[in-house]
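The values are calculated or read from the model by the stated rules, or taken from the named source; none is laboratory data. In this text, all values refer to a predicted model and were calculated from it rather than measured experimentally. Virtual Cβ from ideal backbone geometry, glycine too; neighbours counted across all protein chains shown. To get the accessible areas, we keep the full protein, side chains included, count just its heavy atoms, and leave off ligands, DNA and RNA. Shrake-Rupley method; radii C 1.70, N 1.55, O 1.52, S 1.80 Å.
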Amino acid sequence: MLQIESREQVKAVIRRWRQDGLETALVPTMGNLHAGHLALVETARRVADRVITSIYVNPTQFGQNEDFASYPRTLEPDCALLEKAGCDAVFIPDQTTMYPFGIENPVRVLAAPDLSARLEGQLRPGHFDGVTTVVARLFNLVSPDTAVFGEKDYQQLLVIRRMVEDLGYGIRIVSVPTVREATGLALSSRNSYLGPAEKTAANGLSAVLLDAAERINSGSTDWARIEQLATDQLRRLGFRVDYFAVRRAMDLGEPNSTDPELRVLAAVWSGRVRLIDNVGANSVGFLRD
Ligand code: PAF
């Protein structure tokens with residue numbers, strides 16, 4: 001597996017692959033890789049001839065009181081996992097490579113406000129602008145044919161899809177379902193922050209999401225009641241709830257009874273650890289109305 005650090009090197013490698021008629025898939029990550037990331041690499045291998053994974057903990061998407069400094073950095077084991085997963089190259093830029101003019105005054109790519117102002121974006125102002133800013137840079141440097149993202153960060157996925165469409169990148173975005181532990185807990189680098197008691201509580205989150213999805217799949221269209229029931233369940237499990245929301249899958253707007261494809265999303269705190277998760281649901285309620 002090639003290890004690439006510079007802009008020049010990454011461009012040269014991609015150019016060579018392209019000259020050989022090979023299509024490239026990019027898997028952007030912040031490292032601390034787990035089976036969820038490896039599922040992205042596996043998908044990338046299926047849809048392209050060459051796979052390049054980027055590892056970069058992007059400061060511009062972290063808020064002031066967030067965990068940028070303590071975010072787990074595990075480069076050596078990450079590279080070993082990628083090599084074993086059949087990744088062809090890993091791109092490990094440093095801060096100057098990603099932000100040559102510094103992170104205080106970078107050229108920014110702003111996420112579409114209609115998508116980014118709600119849910120995660122409302123609670124983490126500027127977060128999605130940081131994501132679009134760094135993903136646009138990665139796209140410009142790597143110019144992949146395809147980029148692969150997880151559904152775990154569902155709102156991020158929509159924000160990136162919109163950026164690609166709106167700016168005309170011509171990159172195919174492929175999404176991969178969330179990988180879960182046997183308990184249902186969605187894999188996340190931040191799960192390593194959970195102590196044993198918090199971990200046991202965290203296991204309950206996916207069950208509450210699935211319960212809400214089941215109510216929707218069975219015909220309920222009373223979103224407010226579904227959200228309230230779930231919030232009560234989560235509080236009984238000991239979570240502090242940032243939001244529990246039933247939304248339209250395509251843009252996370254408030255659904256009405258004629259929107260069949262929905263997404264149920266939650267952000268909760270288990271102790272000092274913030275967890276996000278989501279599941280899909282199909283509303284059949286409107287068929288009966
Ligand atoms: O999902 C992530 O790990 C990050 O938000 C991403 C897409 C790599 C951008 O830093």
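Computed values, structure above
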| read-out | value |
| --- | --- |
| Spin-label pair ALA182/ASP49, simplified geometry with 7 Å Cα→Cβ offset, distance in nm | 4.2 |
| Under DSSP loop assignment and at most 15 Cβ neighbours within 10 Å, longest chymotrypsin sites (Phe, Trp or Tyr not before Pro)-free interval of the chain | 102-289 |
| Share of alpha-carbon pairs per 5 Å distance bin for the stretch 212-253, given as whole % | 5, 22, 28, 25, 14, 5, 0 |
| Viscosity 1.567 mPa s, 4 °C: Kirkwood-radius Stokes-Einstein D of the stretch 186-248 over Cα pairs, µm²/s | 102 |
| Tilt relative to the chain, helix 35-47 - C-alpha long axis, 0 to 90 degrees, to 10 | 60 |
| Computed over the chain, Kirkwood Rh from alpha-carbon pairs, angstrom | 19.9 |
| Whole-percent carbon and sulfur share, accessible surface of the chain, 1.4 Å | 49 |
| Charge context of ASN203, other residues only, Cβ under 13 angstrom, K/R +1, D/E -1 | -1 |
| Cα-based helix-to-principal-axis angle, 223-236 vs the chain, degrees rounded to 10 | 80 |
| Overall form of the stretch 154-289 per C-alpha gyration tensor (a/c, 1.5; a/b vs b/c) | oblate |
| Net charge of neighbours whose Cβ lies under 10 Å from the Cβ of ASN278, counting Lys and Arg as +1 and Asp and Glu as -1 | 0 |
| Sum of side-chain charges, GLU261 neighbourhood, beta-carbon under 12 Å (Lys, Arg +1; Asp, Glu -1) | +1 |
| DSSP beta bridges in the chain [antiparallel fraction, %, rounded to 5] | 50 |
| The stretch 182-216-the stretch 222-272 distance, computed between alpha-carbon centres (Å) | 14 |
| Assigned charges on the beta-carbon of Lys, Arg, Asp, Glu; the chain dipole about Cα centre (debye) | 140 |
| Accessible area (Å², per residue) of the stretch 100-255, counting only protein heavy atoms and a probe of 1.4 Å | 46 |
| Cα convex hull of the stretch 111-187, projected area averaged across orientations, nm² | 5.5 |
| For the stretch 1-117: Kirkwood Rh in Å [reciprocal of mean 1/r, alpha carbons] | 15.6 |
